[in-house]
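All remarks here apply to the structure that follows.
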Amino acid sequence: MKQLLVLLLFISIDLQAQSLEILAHRGFRGLHTENTLEAFKKTLHHSHFLEMDVMVTKDMRVVVTHDPVLHEKLYVNKKVKDSTDYKRRVYDLDYNEIINYKLGYKKSKGFDKQQNIISTIPLLEEVLQQTQMYAKVNKLKVPNYFIETKITDRTDGINHPDPKVVVELLIKVLKENIKPTQVIIQSFDPRTLSYISKNYPEFKTCLLDKKKQLLSVYLKELDFKPDYFSPNFKQITPELIEESKEFEIPLIGGNTNNKEEIDKMYELGIFKIISDYPYSELP
């Protein structure tokens, strides 16, 4: 009994030493227009860990957007008269065409409290530069970034260039603007992560759980070892927790806006969790 109490005490002390970090999904889209420069700045008052998605344009610029196709449900382009022209792929457009698509006129579905911020789709370099400057001026914590490469093997050459090209473009922007310790690169597609691990090992990677399987199964399929693994709440089992410890691959909790799920993951030793809201603003 005494040994059990001592063990529980050590666990309690360890949990207290590790604070919960909420990774601001798309710049806390529950509160702000997603993936916009102003949203990321506002987010820094709640979280220094910004989650975002990147795509590549026709003229090889790295932009921050979740959507490979710009659609009328979220974007407004006043220069387009025919609504059928709205559905344009990011990879088919130069950046000087993409800036005509505005966000913030419409709320994201399911986020009624979202405050509209009229904005263009930003370049990644703008987001990195301006969020760091904003944090410095306002004496906030130095920003960290959780950046997803939005690629799949089914859309090579359609929604994006070759994965190696995506990585080279992304790494160039990152190296020019931040330190490798400030970023974790995430993806459902292991090809970009494999290329990063072999060619830019100073950058941390996170494999997103696409197949809903254990780490041990993934590691048999992969030719690299990710630095992190991100499953959703339903996939987090005692077996997965044990594998995370065994393989020394920390877990990052997949996106959830459920306070009970966040609390449970934290109790299980998951200290980085993705959400659309700050913890204090969870619905």
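The values are calculated or read from the model by the stated rules, or taken from the named source; none is laboratory data. Model, not experiment: these values are computed from the prediction. Virtual Cβ from ideal backbone geometry, glycine too; neighbours counted across all protein chains shown.
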From the set of residues in the stretch 192-205 that are in contact (Cβ under 8 Å) with a residue 24 or more places away in the chain and closer than 23 Å to Arg26 by Cα, which is surrounded by the most Cβ atoms within 10 Å (Cβ to Cβ)?
Leu193
Counting only residues that are β-branched (Val, Ile, Thr) and at pLDDT 90 or above, how many does the stretch 62-85 have?
5
Pairs where the first residue, in the stretch 32-48, is under 18 Å from Lys150 (Cβ atoms) and the second is assigned to a helix (DSSP H, G or I), C-beta under 6 Å, 6+ apart:
Phe40/Val127; Phe40/Thr131
Name the single residue that is surrounded by the most Cβ atoms within 10 Å (Cβ to Cβ) among those in the stretch 215-263 being in a loop (DSSP other than H, G, I, E, B) and touching a residue at least 60 places away in the same chain (Cβ under 8 Å).
Asn257
Of the numbered conditions (1) in contact with a Lys or Arg (Cβ under 9 Å, 6 or more places away or on another chain); (2) among the small types (Gly, Ala, Ser); (3) within 24 Å of Pro201 (Cβ to Cβ), Gly269 fails exactly one; give the number of that condition.
(3)
Which members of the stretch 136-184 meet the condition of being touching a Leu at 6+ places or on another chain (Cβ under 7 Å), aliphatic (A, V, I, L, M) and outside any helix (DSSP H, G or I)?
Leu140, Ile178, Val183
By residue number, the members of the stretch 144-161 that are surrounded by fewer than 16 Cβ atoms within 10 Å (Cβ to Cβ) and either β-branched (Val, Ile, Thr) or under 20 Å from the mean Cα position of the chain (by Cα) (or both) are Asp153, Thr155, Ile158
Please enumerate the residues belonging to the stretch 37-46 that are surrounded by 23 or more Cβ atoms within 10 Å (Cβ to Cβ) and in contact with a helix residue (DSSP H, G or I) (Cβ under 9 Å, 6 or more places away or on another chain).
Phe40, Thr43
Lys106 fails exactly one of the following numbered conditions: (1) within 26 Å of Asp276 (Cα to Cα); (2) surrounded by fewer than 21 Cβ atoms within 10 Å (Cβ to Cβ); (3) in contact with a helix residue (DSSP H, G or I) (Cβ under 8 Å, 6 or more places away or on another chain). What is the number of that condition?
(3)
Restricted to the stretch 195-214 and to residues being farther than 20 Å from Leu23 by Cβ and in contact with a helix residue (DSSP H, G or I) (Cβ under 7 Å, 6 or more places away or on another chain), the residue modelled with the lowest pLDDT is Lys212
Taking the stretch 1-39, which residues are in a loop (DSSP other than H, G, I, E, B) and modelled with pLDDT under 50?
Met1
Can you tell which of Lys141, Lys164 is basic (Lys, Arg), surrounded by fewer than 15 Cβ atoms within 10 Å (Cβ to Cβ) and without any contact (Cβ under 8 Å) to a residue 60 or more places away in the chain?
Lys164
What residue, of Leu74, Leu93, is closer than 26 Å to Gly254 by Cα and either surrounded by 13 or more Cβ atoms within 10 Å (Cβ to Cβ) or of a type in the set (Val, Ile, Thr) (or both)?
Leu74
Index of the failed condition, Ser187 passing every other in (1) within 24 Å of Glu125 (Cβ to Cβ); (2) surrounded by fewer than 19 Cβ atoms within 10 Å (Cβ to Cβ):
(2)
Per-region count, the stretch 110-135, residues surrounded by fewer than 21 Cβ atoms within 10 Å (Cβ to Cβ) and in a helix (DSSP H, G or I)
8
